[in-house]
Amino acid sequence: MKRRQVVIKQRKSSYTTTSSSSNVRYVECQKNHAANIGGYAVDGCREFMASGGEGTYDALTCAACGCHRNFHRREVETEVVCEYSPPN
């Protein structure tokens, strides 16, 4: 699992500008298809692809495996950028 997170503590100053952005991806499906018989089997789906447009129920269903988005592992990439300008 690759996780990247940068945290910067800042002092209250009018000379500091901080911005952050995060990207969320849903990667491999972790749904156990053999749970009802006491086994473990995943379908091998490597990345979530929405079945429909944004705002519809199909946007939460994977086009590759048919599972809900919650079964796919969530990968969050957060980046915090801090710029400092010293006082003149």
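The values are calculated or read from the model by the stated rules, or taken from the named source; none is laboratory data. This one's a predicted model, so the numbers in the text were calculated from it and none came from an experiment. Here the Cβ positions follow ideal geometry from the backbone for every residue, glycine too, while neighbour counts run over all protein chains shown. When the accessible area is computed, the model is the full protein with side chains, heavy atoms only, and any ligands, DNA or RNA have been set aside. Shrake-Rupley method; radii C 1.70, N 1.55, O 1.52, S 1.80 Å.
Data overview
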quantity	calculated
Segment 69-88 - residue that is at pLDDT below 75 and of a type in the set (A, V, I, L, M) and, of those, surrounded by the most Cβ atoms within 10 Å (Cβ to Cβ)	Val80
Residue list for segment 47-63, filter: of a type in the set (Val, Ile, Thr) and surrounded by 15 or more Cβ atoms within 10 Å (Cβ to Cβ)	Thr61
Yes/no for Gly66 being in a loop (DSSP other than H, G, I, E, B), exposed (fewer than 12 other Cβ atoms within 10 Å of the Cβ) and at pLDDT 90 or above	no
Neighbours by Cβ (under 9 Å, 6+ apart or cross-chain): first from segment 31-46, open to solvent by less than 60 Å² (accessible area, probe 1.4 Å); second polar (S, T, N, Q) and not in a helix (DSSP H, G or I)	Gly39/Asn32; Ala41/Asn32
Count of segment 1-56 residues which are at pLDDT 90 or above, assigned to a loop (DSSP other than H, G, I, E, B), closer than 23 Å to Glu79 by Cβ and not acidic (Asp, Glu)	1
